[in-house]
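Novice: First the structure, then my questions, so here it is.
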Amino acid sequence: MNDHQLPNVAVLIDAENVSAGYADRLFDQVASIGCATVRRGYGDFTGLWSASWARAFERHAITPRQQFSAGRGKNSADIALVIDAMDLLNQGGIGAICLVSGDSDFTPLALRIREQGVPLFGYGNAKSPERLRNACKKFSYLENLGILPRTMPWRSSKTSLQPVEEAVTLLRRAIAHTEIQDSWALIGEVEVQLIRMRPDFDPRTYGFDSLLELVRRIKGLDVDLRDDTGPRLRLKRKVSKPQPAGTSTIGSAAPSGRVPRAMPVGCRVR
């Protein structure tokens, strides 16, 4: 796909809610969505903390939207971001919006963007509210971006890897929705279905760099890498145990070496 086919993307960053350290990895992810033609960061940048964002703004050509704080607890920057998002929706020409914040106050905006039919990609931390995550077409945890599996120094005890078992139920449902011939499902279709069901699904949350690596660790799944259409998987089938010789599934078996006699017609069993 060339640049003319990629959608124009608006990247709106709540700089008061997100660390500037994620900027490089963030724009690597955005590049897979489309061309980030609109890049704006919102906050009060008069404090010393904003020096790191100033460097990120320069490196990624982000337009700073300075909002002087009207007082403690005020959300001037959030309101400015919402106004700009609505203006972009009304003007048209934007194929997708990336909302970079885990603030629950942006949930109504996310719902409005979804109703407008514009794909919304959310980026926030692990504490982002479920309603905000599910309002997005896809929601990514900033902690997961560009991090190698099983070596995640940014994770504290409060943000430890989720157990693989938590993904099993979701995977079973996704496979049931996408299975085709002989109960096999293409892993690409399964991944699409997983994100439809859970916009925040990410194998890196469980410590794996890809969905294929994750499913190969689950004992209840068969994985086939030899199919011409690509990797596929299915639920393991239960193998029925063979019946011992001389047994029958109907009634009880006759003693070995003896043939049961037919009961004469009309006889009654006493």
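The values are calculated or read from the model by the stated rules, or taken from the named source; none is laboratory data. Just so you know, these numbers come straight off a predicted model, no measurement behind them. Cβ coordinates were reconstructed from backbone atoms using ideal geometry, including for glycine residues, and neighbour counts include every protein chain displayed.
Novice: Evaluate the following for Ala70: is it modelled with pLDDT under 95, among the aliphatic types (A, V, I, L, M), assigned by TED's automatic domain parsing to the domain that holds Lys127 and surrounded by 17 or more Cβ atoms within 10 Å (Cβ to Cβ)?
Specialist: no
Novice: Sort out for me the helices (runs of 4 or more DSSP H) sitting completely within segment 139-250 that have 2 or more residues that are more than 22 Å from Phe121 (Cα to Cα) and at pLDDT below 90.
Specialist: 165-178
Novice: Shifting gears a bit: Hey, among the residues in segment 34-67 that are in a helix (DSSP H, G or I) and surrounded by fewer than 17 Cβ atoms within 10 Å (Cβ to Cβ), which one's modelled with the lowest pLDDT?
Specialist: Among those that are in a helix (DSSP H, G or I) and surrounded by fewer than 17 Cβ atoms within 10 Å (Cβ to Cβ), it is Leu48.
Novice: What are the residues in segment 87-107 that are touching a residue at least 40 places away in the same chain (Cβ under 8 Å) and assigned to a helix (DSSP H, G or I), if any?
Specialist: If the condition is that a residue be touching a residue at least 40 places away in the same chain (Cβ under 8 Å) and assigned to a helix (DSSP H, G or I), then Leu88, Phe106 are the ones that fit.
Novice: Also: Please go through segment 108-133 and pick out each residue that is of a type in the set (Ser, Thr, Tyr) and either outside the structural domain of Leu88 (by TED's automatic domain parsing) or modelled with pLDDT under 95 (or both).
Specialist: Matches in segment 108-133: Ser128 only.
Novice: May I ask you to say which residue of Ala110, Ala126, Ala51, Ala61 is of a type in the set (Gly, Ala, Ser), more than 22 Å from Leu145 (Cα to Cα) and free of Cβ contacts under 8 Å to residues at least 60 places away in the same chain? Steps first, answer last, please.
Specialist: Working: Ala110 fails: more than 22 Å from Leu145 (Cα to Cα); Ala126 fails: more than 22 Å from Leu145 (Cα to Cα); Ala61 fails: more than 22 Å from Leu145 (Cα to Cα).
None of the other options fit; the residue is Ala51.
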